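Engineer: Sharing a structure with you now.
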Amino acid sequence: MGVPEHVLLRQAHSAYERGRLRAALPTVAVVAPMVALSVVVCGRAVVSLSVGMLLALVLGGALWRGQALGGGARAGLAAGAGALLLPMATCFHLCAGGVCLMAPSACIAAGVLGGAAVALLARRREAGPSAASAAYLGAAVAVALLAGSLGCVIAGLGGVLGMGAGMAVAVAPIVWWPSRAA
Amino acid sequence: MERIQREDLQRDLTRLADGDRDAFHPVFVRLWPLLRGFAARHLPREEADDVAQEALVRVFARAAEFDPRRDALRWALGVAAWEIRTSRRRRYRRREEAMPAALDRADGAPGPEDAAMEAERQAMVDDALAALPAADAATLRAFLAGGGSEVTGATFRKRVQRALGRVREAWRMSHGRP
């Protein structure tokens, strides 16, 4: 004999939430090779692992919640992957000479590029400011910042801050522009 | 299910797949009676409710994977059909395990379980034939008897193919599988 309907409703609800978590896992798993790359290239295992764990939590949480947060997190991951690779690529080049002078500027450039990418995506998604577009942009920026930080760990705290500043500089005018025009 | 209800289910399941929790209750309310009826058509009454509940929970567990380009109703019924098949397999396995060794026939002739399944299968075939137009049913009966009807050769083969197509369709509609 089946369970009463209110129990069934509860079971269905928890199954749905578990299902959403399970569906988020393959995307969250992408963080593992990013962290591994960061650990190998940057040589700061503790920082890379901490940032990676935070990134996995934020990404997993946003994907689990879904809607604008989930969409923003996916966009942020794509933009952040680019921001992760750029500082590493420049550092590889200069580290051959024993110096990593280009890394901090590469972090700022990666932040500007990543920020511009997520802001353009957010603007294309929805015209004008709204709670949904704010959630989308917030999730996208947070994930892109954390993903990019995995690459900027190589330049230390200055590199991470530089990337954050670059991202803010790129995001603000793009997001601000349509609301002013409207 | 009417077209409008079907469109509503499509819209609500799409919202649910995107993570909109407000769509949870509408989907639940639409799917529960549907899956219950679907299971009741394919399983004994004492089993149908349990299987419908398992199917419903499974639908919600997989709701995040739902692709909005697919038909929501078909998708949900597909999940339910899988649960029904699993339940049937479980039931047959239980019966096989519970069957005392004494009932095994030494002469290799069909046992009571086989005979019952054969009778059930025959009844399903008879039902499907009864649902066909008389000409199609006569063609298939003649085909099963190993001979032709008033026509032979290519015309008979064509009629058999056409009748088989219709019986497949009727079978799919009433039993949910080809």
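Engineer: What pairs come out if I take residues in region A:15-34 that are free of Cβ contacts under 8 Å to residues at least 40 places away in the same chain and pair them with residues that are among the charged types (D, E, K, R) and open to solvent by 60 Å² or more (accessible area, probe 1.4 Å) whose C-beta lies under 7 Å away, six or more apart or interchain?
Structural biologist: A:Gly19/B:Arg62
Engineer: Is it the case, given these coordinates, that B:Arg94 is more than 14 Å from chain A (Cβ to nearest Cβ), outside any loop (DSSP other than H, G, I, E, B) and loosely packed, with under 13 Cβ neighbours inside 10 Å?
Structural biologist: Numbers: more than 14 Å from chain A (Cβ to nearest Cβ): yes; outside any loop (DSSP other than H, G, I, E, B): yes; loosely packed, with under 13 Cβ neighbours inside 10 Å: yes.
So B:Arg94 passes the test.
Engineer: Can I ask one more? Inside region B:65-76, can you point out the residues that are in a helix (DSSP H, G or I), open to solvent by 10 Å² or more (accessible area, probe 1.4 Å), more than 7 Å from every other protein chain (Cβ to nearest Cβ) and more than 17 Å from B:Arg41 (Cα to Cα)?
Structural biologist: B:Trp75
Engineer: A further question on this structure: Looking at A:Gln67, A:Gln11 in this structure, which one is among the polar types (S, T, N, Q), farther than 19 Å from A:Ala144 by Cβ and either in contact with a His (Cβ under 9 Å, 6 or more places away or on another chain) or within 14 Å of another protein chain (Cβ to nearest Cβ) (or both)?
Structural biologist: A:Gln11
Engineer: Here is a check on your reading of the model: is B:Arg88 more than 15 Å from the chain's Cα centre (by Cα), more than 21 Å from A:Arg22 (Cα to Cα), modelled with pLDDT under 90 and of a type outside the set (Val, Ile, Thr)?
Structural biologist: So B:Arg88 fails the test.
Engineer: Separate question: Name the one entry in B:Val27, B:Val51 that is buried (at least 16 other Cβ atoms within 10 Å of the Cβ), modelled with pLDDT of 90 or more and among the hydrophobic types (A, V, I, L, M, F, W, C).
Structural biologist: The match here is B:Val27.
Engineer: Take the residues of region B:42-64 that are more than 7 Å from chain A (Cβ to nearest Cβ) and of a type outside the set (D, E, K, R): which is nearest to B:Asp12 (Cα to Cα)?
Structural biologist: Checked region B:42-64; the qualifying residue nearest to B:Asp12 (Cα to Cα) is B:Val59.
Engineer: Still on this model: Kindly indicate whether any position in region B:15-26 is touching a residue at least 24 places away in the same chain (Cβ under 8 Å), assigned to a helix (DSSP H, G or I) and touching a Pro at 6+ places or on another chain (Cβ under 7 Å).
Structural biologist: yes
Engineer: Another question, then. Which of the residues that make up region A:46-69 are open to solvent by less than 60 Å² (accessible area, probe 1.4 Å) and touching a Ser or Thr at 6+ places or on another chain (Cβ under 9 Å)?
Structural biologist: Result: A:Ser48, A:Val51, A:Gly52, A:Leu55, A:Leu59, A:Gly60, A:Leu63, A:Ala68.
Engineer: Among what's in region A:33-45 and is part of a helix (DSSP H, G or I) and open to solvent by 60 Å² or more (accessible area, probe 1.4 Å), pick the residue that is modelled with the highest pLDDT.
Structural biologist: The extreme case among them is A:Pro33.
Engineer: Name the single residue, out of those in region B:1-24 being open to solvent by 20 Å² or more (accessible area, probe 1.4 Å) and among the acidic types (Asp, Glu), that is modelled with the lowest pLDDT.
Structural biologist: The residue in question is B:Glu2.
Engineer: For A:Leu25, only one of the following conditions fails: (1) surrounded by 14 or more Cβ atoms within 10 Å (Cβ to Cβ); (2) within 12 Å of chain B (Cβ to nearest Cβ); (3) hydrophobic (A, V, I, L, M, F, W, C). What is its number?
Structural biologist: All conditions are met except number (1).
The values are calculated or read from the model by the stated rules, or taken from the named source; none is laboratory data. Values in this document were obtained by computation on a predicted structure and should not be read as measured data. All Cβ positions, glycine included, derive from the backbone under ideal geometry; neighbour counts span all protein chains shown. Calculation scope for accessible area: heavy atoms of the full protein, side chains included, ligands and nucleic acids excluded. Shrake-Rupley method; radii C 1.70, N 1.55, O 1.52, S 1.80 Å.
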